[in-house]
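Asks: Pasting in a structure now, in structure tokens, and then I'll have a few things to ask.
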Amino acid sequence: MSRPKLEERFTQPKNWLWGQFNSVRDGALRFGQLAEHEAPRAHVVYILGLSEFSEKTFELARDFNNMACNFSVFDRYGQGASPRYLDDPHKQHSDGIDADVEDLIRYCETHIPAGEPIVLLGHSAGGLFGLHAIKKRPDLFAGAIFNAPLWGFENQPVKNRENFFAHLPLPSFIKQSYIPDGRPFTPRRESKMKPDDFSSDPQRNKLDDYWRENNPELQTGSPTIGWVQQMCKGIMRIRKSGFAESIKTPVLLFTGGADNLVNNDRIRKFAKRLPNVEIHDFEDGKHELLVENDSIRKPLMEKIENFLKNKI
């Protein structure tokens, strides 16, 4: 079967650079970069959500370069073309978020030229790691943009029970097991959650299946119970008194009213505690707002550009 042809906006940009850097865990993480500006307005570092990979960001990288920004992304440990935790490479696992946060800081310290203001762009789980990073190293980041951040689960039975799951004693074999109904890689169009559960755009919501079916190295399955528990631990840490209140970094925050993966009520509750935040809700937006249809994505990108012009 011949591969369908991608529109040019979804293909690898001409000046895209691939590379690797050493994780604080064993192994090297793959990164991608589109840096066409010698003195950019900002260097946007995208922190991927669960199971995502750098190829999905080619259109986004072009958009930021058109805003006079340089752009970076890396495949976090356990996904994309980076090393895996377990012998089964499809299991989305975690041994704690601190190493992910350190990987992010290490990348920014070693692969962003001095003098380029760094702005984090975190999606879903990437929004949780990014929040911990600006808390830990406020000197390193000029701003942060969070899209549907995982600051609370919407999924049952975890919703509003993050504290319970964070402290639940579990043996290793349970932690390393798939969540109930979890399985190895299955194309989104054949899974319980279809492509249009993530985005309502008829072209962009095909990208996940396209890249992973044409490059098995990118294929991942469901998360493990241990992954869920580690995210719950990270969520409970941000809910502690004083965590949000101490973050002075300018934050731009987006939520989608039709998002059924993250808890928007929890996001808004946390955002009220941030001293320097701007929040926008897209009523019809789903979880992946950055690959939503243009009626949502265009005004979202305009708000990002205004944030970069006025806050960075």
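The values are calculated or read from the model by the stated rules, or taken from the named source; none is laboratory data. Values in this document were obtained by computation on a predicted structure and should not be read as measured data. Neighbour counts are summed over all protein chains in view; Cβ atoms, including those assigned to glycine, are modelled from backbone coordinates with ideal geometry. The protein model used for the area step is the full one, side chains on, heavy atoms only, and it has no ligands, DNA or RNA in it. Shrake-Rupley method; radii C 1.70, N 1.55, O 1.52, S 1.80 Å.
Asks: Could you look through region 29-51, keep only residues that are part of a loop (DSSP other than H, G, I, E, B) and open to solvent by less than 10 Å² (accessible area, probe 1.4 Å), and pick out the one that is farthest from Pro216 (Cα to Cα)?
Replies: Among them, the one singled out is Ala42.
Listed here are the residues, each with its yes/no results for (1) touching a Cys at 6+ places or on another chain (Cβ under 9 Å); (2) hydroxyl-bearing (Ser, Thr, Tyr); (3) more than 26 Å from Ser222 (Cβ to Cβ); (4) surrounded by fewer than 17 Cβ atoms within 10 Å (Cβ to Cβ).
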{"position": "Tyr85", "(1), (2), (3), (4)": "no, yes, no, no"}
{"position": "Pro89", "(1), (2), (3), (4)": "no, no, no, no"}
{"position": "Asp98", "(1), (2), (3), (4)": "no, no, no, yes"}
{"position": "Cys108", "(1), (2), (3), (4)": "no, no, yes, no"}
{"position": "Val119", "(1), (2), (3), (4)": "yes, no, yes, no"}
{"position": "His123", "(1), (2), (3), (4)": "no, no, no, no"}
{"position": "Gly126", "(1), (2), (3), (4)": "no, no, no, no"}
{"position": "Phe141", "(1), (2), (3), (4)": "yes, no, yes, no"}
{"position": "Pro149", "(1), (2), (3), (4)": "no, no, no, no"}
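Asks: Another one. Looking at (1) within 30 Å of Gly96 (Cβ to Cβ); (2) without any contact (Cβ under 8 Å) to a residue 12 or more places away in the chain, find the lone condition where Leu218 falls short.
Replies: So Leu218 meets the others, but not (2).
Asks: Inside region 159-176, can you point out the residues that are within 25 Å of the chain's Cα centre (by Cα) and closer than 18 Å to Gly96 by Cβ?
Replies: If the condition is that a residue be within 25 Å of the chain's Cα centre (by Cα) and closer than 18 Å to Gly96 by Cβ, then Glu162, Asn163, Phe165, Ala166, His167, Lys175, Gln176 are the ones that fit.
Asks: Next question, about the same structure. Restricting attention to region 205-235, and to residues there that are assigned to a loop (DSSP other than H, G, I, E, B) and among the hydroxyl-bearing types (Ser, Thr, Tyr), which single residue is farthest from Trp151 (Cα to Cα)?
Replies: Here the answer is Thr220.
Asks: Restricting to region 7-24, name every residue that is in a loop (DSSP other than H, G, I, E, B) and open to solvent by less than 30 Å² (accessible area, probe 1.4 Å).
Replies: Matches in region 7-24: Pro13, Trp16, Ser23.
Asks: With Gly234, Gly256, Gly226 as the choices, which residue is touching a Leu at 6+ places or on another chain (Cβ under 6 Å), closer than 18 Å to Arg161 by Cβ and modelled with pLDDT of 95 or more?
Replies: So the residue among Gly234, Gly256, Gly226 that is touching a Leu at 6+ places or on another chain (Cβ under 6 Å), closer than 18 Å to Arg161 by Cβ and modelled with pLDDT of 95 or more is Gly234.
Asks: Would you confirm whether or not region 64-72 contains a residue that is surrounded by fewer than 22 Cβ atoms within 10 Å (Cβ to Cβ) and not in a loop (DSSP other than H, G, I, E, B)?
Replies: The answer is yes, given that some residue of region 64-72 is surrounded by fewer than 22 Cβ atoms within 10 Å (Cβ to Cβ) and not in a loop (DSSP other than H, G, I, E, B).
Asks: Related question: How many residues, within region 252-301, are open to solvent by 30 Å² or more (accessible area, probe 1.4 Å), touching a Ser or Thr at 6+ places or on another chain (Cβ under 6 Å) and of a type in the set (D, E, K, R)?
Replies: Total meeting the criteria: 2.
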